[in-house]
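Worksheet: the structure to be examined is printed underneath.
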Amino acid sequence: MENKQQSNGEMKENKAVKKKMNWSGSLIVASLTGAFGSSFLYGYNLSVVNAPAVYIKKFYNETWERRYGFSVDESTLTLLWSITVSIFAIGGLVGAIIVTPIVKFFGRKCTLVLNNVFAVTAALLMSLSLLAGSFEMLILGRIIMGVDAGISLSALPMYLSEISPKEIRGSLGQVTAIFICIGVFTGQVLGLPEIFGQESRWPYLFGAIIVPSLIQVMILPFLPESPRYLLLEKHNTSKAEKAFQTFLGKDDVSHEVEEVLEESRVQRNTKLVSILQLLRTRAVRWQVITVVVTMGCYQLCGLNAIWYYTNNIFSEAGINHETIPYVTLSTGAVETVAAVFSGLVIERLGRRPLLIGGFGLMVVFFAVLTVSLTLQKTVHWLPYLSIFCILAIIASFCIGPGGIPFVLTGEFFQQSQRPAAFMIAGTVNWLSNFAVGLLFPFIQGGLQTYCFLVFAAICFAGATYLFFVLPETKNKTFNEISQAFAKRNKVSLEMKEMNHYPGERKSSAEQESNFTSSVDNGETKKGIV
C-alpha cells in the first residue's frame with residue numbers, strides 16, 4: 001500500500017517536472033523573438049495609421065497642390081486614404097500566397113529572418129515619404145509591409161506549432177495573438193500627441209518598425225530550426241535531435257525523435273501537398289472548411305473595422321476630440337489583457353469554448369452597441385455604454401477568435417499539408433481584411449448606426465457553425481483530431497491495421513502516419529501549385 005502511494009506520488013511529481021520542462025528558456029526566447037519581429041508588426045501596422053490620419057491627409061493634399069496647382073477634391077482624398085489603409089491587406093494576400101515555397105526552401109525560422117528585408121524596406125519608404133514629398137512612397141511601403149505581414153502570419157504559427165510540445169501547443173500558439181495585441185497597443189501609445197502624434201513627427205511612427213526587425217535578426221538566427229521540418233522535410237536527424245534538446249531542455253529526446261521519424265518514414269518519398277490536392281483530399285475536407293470559416297469570421301467579425309476607424313466611432317459616441325487618443329489606449333490595453341488571459345487558460349478550457357463563447361459574446365455586445373449608438377442623443381449616459389460595448393467586443397474577440405484560428409490551422413493538418421493549409425487560411429484572412437477596410441466606410445455611411453448588425457450576424461453564423469462542427473483539439477495528436485472529423489469526412493479509420501502488433505499499442509505518431517497513408521490510398525503527392 002505504501003509502495004503504491006509512493007509510486008503515485010512519484011508519478012505526480014514526474015508529471016509536474018515534465019510540465020515545467022516543457023517551457024524551456026530557448027522555447028520562450030524563440031516564441032517571443034519570433035512574435036516580436038512578426039505578429040507584433042502586423043498589429044502595429046493595423047493601428048499606426050489611425051493617430052496621424054489628419055496629418056497624412058494634409059500631406060496628401062499639399063503634395064497634390066504642389067504638383068498640379070490645385071487642391072485635391074474630397075472624394076479623391078477619401079479614395080487615396082482608403083487605398084492607403086486597405087492596400088496593406090493586398091500586400092498581405094501576396095505574402096500569404098508566396099509563403100509556401102519560401103518555408104519549404106528556407107525553413108520556418110529562416111523565412112522569419114529573411115522576411116525582415118520587407119519590413120526594413122517598407123519602414124524606410126514610409127518614414128522618408130514626407131521628406132521626399134511623395135505619398136506614393138507611403139502607399140508602396142504599406143503594400144510591402146503587408147507582404148511582410150502575410151508571410152509572418154503563416155510562417156510564425158507554423159514555427160510555433162512545430163517547436164512546441166502538444167501539452168502547451170495552444171498556449172504557445174496564442175503568443176501570435178498576444179503580440180498582435182501588444183503591437184496594436186504600442187501603435188496607439190506612440191501615436192499620442194506627446195510622442196509621435198504630431199504633424200512634424202508622424203514619419204517616426206513608421207521608422208520605428210525597424211527596431212523589432214533588427215532585434216529579431218540579431219537573436220533568431222542563433223536558435224534552432226523547427227525539428228519537425230528538419231526531420232520530415234530535410235531528413236537531418238542529428239540537427240533535429242539538437243533542436244529537440246534545445247527546445248525541450250533535456251538530453252534524452254529519443255522518444256520525441258522516434259515519434260516524428262515514424263511520420264518521416266511514410267513521407268520520405270512524398271512532396272508537399274498542393275492547394276488543389278488538399279482541397280480534393282476527402283480526409284481533411286471539413287478541416288479545410290472549418291479553417292476557411294474561422295479565418296473568414298476572424299476578419300469579418302468587425303474588429304478590424306473598429307481598429308481602422310476607432311476615432312470616428314468614438315466621435316460618433318460623443319467623445320471630445322482631444323480625449324479620443326487617450327480613450328483609444330484603453331482598447332489596446334483591454335485587447336492585450338484579454339489575449340494574455342486566453343493564453344493562460346486555453347490548455348485548461350480548450351479551444352472550442354473560448355472560440356464559440358467569444359463569437360457569442362460579440363453578438364450580444366454588437367446588438368447593445370447598435371441600440372446605444374442609435375439612441376445616444378436622447379440619453380446623456382449612452383455614449384459611455386457605447387465605449388463599454390466597444391471594449392467588451394474587443395475583449396470577447398481576443399479571448400477566443402483573436403488567436404485560436406491560427407492554432408487550429410496548425411493542429412488540423414499533418415506536415416506535408418500544413419503549408420498549403422496556411423496558404424488557404426492566409427488567402428481567406430487577407431481577402432476578408434481588404435474587404436472590411438475598403439467597404440466599412442460605405443457600409444457605415446449607408447446603414448449608419450445599424451452597420452454593426454452586419455458583423456453581429458457574421459459572428460452568430462460563425463458561432464453556430466463551430467458549435468455543430470468543431471471538435472476539441474486540446475492535447476490531441478493529428479491522428480486523434482482526424483478521428484474526430486472522420487465520420488463527417490466519411491472516411492473509415494482502419495484501426496486494426498494501425499494496431500497490427502498483438503498486445504502492443506502503437507505510438508500516436510505511428511497511428512498518425514498509418515492513418516495518413518490509409519486516407520491517401522497510397523497516392524503519391526505531387527509538387528506545389
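Readers should treat all values here as calculations from the given coordinates under stated rules, not as data from a laboratory. In this text, all values refer to a predicted model and were calculated from it rather than measured experimentally. Using ideal geometry, Cβ is built from the backbone for each residue, glycine included, and neighbour counts are taken over all protein chains shown.
Across the stretch 24-223, Cα-Cα pairs more than 26 Å apart make up 34 percent of the total.
The three principal axes of the Cα atoms in the stretch 272-492 give end-to-end lengths of 62, 35, 26 Å, sorted in falling order.
Mind giving me the FRET efficiency for V379 and Q448? R0 is 22 Å, r the Cβ-Cβ distance, nearest 0.05 is fine. If you can, show how the numbers build up before the last one.
Values: r = 18 Å, r/R0 = 0.80.
Once the sixth-power term is evaluated, E becomes 0.80.
Can you give the FRET efficiency to the nearest 0.05 for F468 and Y204, using r as the Cβ-Cβ distance and R₀ = 56 Å? Plugging the Cβ-Cβ distance into 1/(1 + (r/R0)^6) gives 0.70. Residues in the stretch 38-50 carry Karplus couplings, in order, of 10, 5, 4, 5, 4, x, 4, 6, 6, 9, 5, 7, 6 Hz; the curve used is 6.51 cos²θ - 1.76 cosθ + 1.60 with θ = phi - 60°, and Gly or Pro positions show x.
The base-10 log of I(q)/I(0) for the stretch 78-125, evaluated at q = 0.18 Å⁻¹, reads -0.67 [Debye formula, identical scatterers on Cα atoms, solvent excluded]. Spin-label pair K490-V292: with each label point 7 Å from Cα along the Cα-Cβ axis, the two points sit 1.7 nm from one another.
What order, most packed first, do the peptides 274-282, 175-183 have when packing is the mean number of other Cβ atoms within 10 Å of each residue?
Details: 274-282: 16.6, 175-183: 27.2.
Going from most to least packed, we get 175-183, 274-282.
Other residues with beta-carbon under 15 Å from the beta-carbon of G350 carry, at +1 per Lys or Arg and -1 per Asp or Glu, a net charge of +2.
The 3J(HN,Hα) values that the Karplus relation (6.51, -1.76, 1.60; θ = phi - 60°) gives for the stretch 217-229 are, in residue order, 5, 7, 10, 4, x, 8, 9, x, 6, 4, x, 5, 5 Hz. Gly and Pro appear as x.
How would you rank 232-238, 329-335, highest first, on the average number of other Cβ atoms within 10 Å across their residues?
329-335, 232-238
When you count the other C-beta atoms within 10 angstrom of each residue and take the mean per peptide, 88-97, 351-360 line up highest first as 88-97, 351-360.
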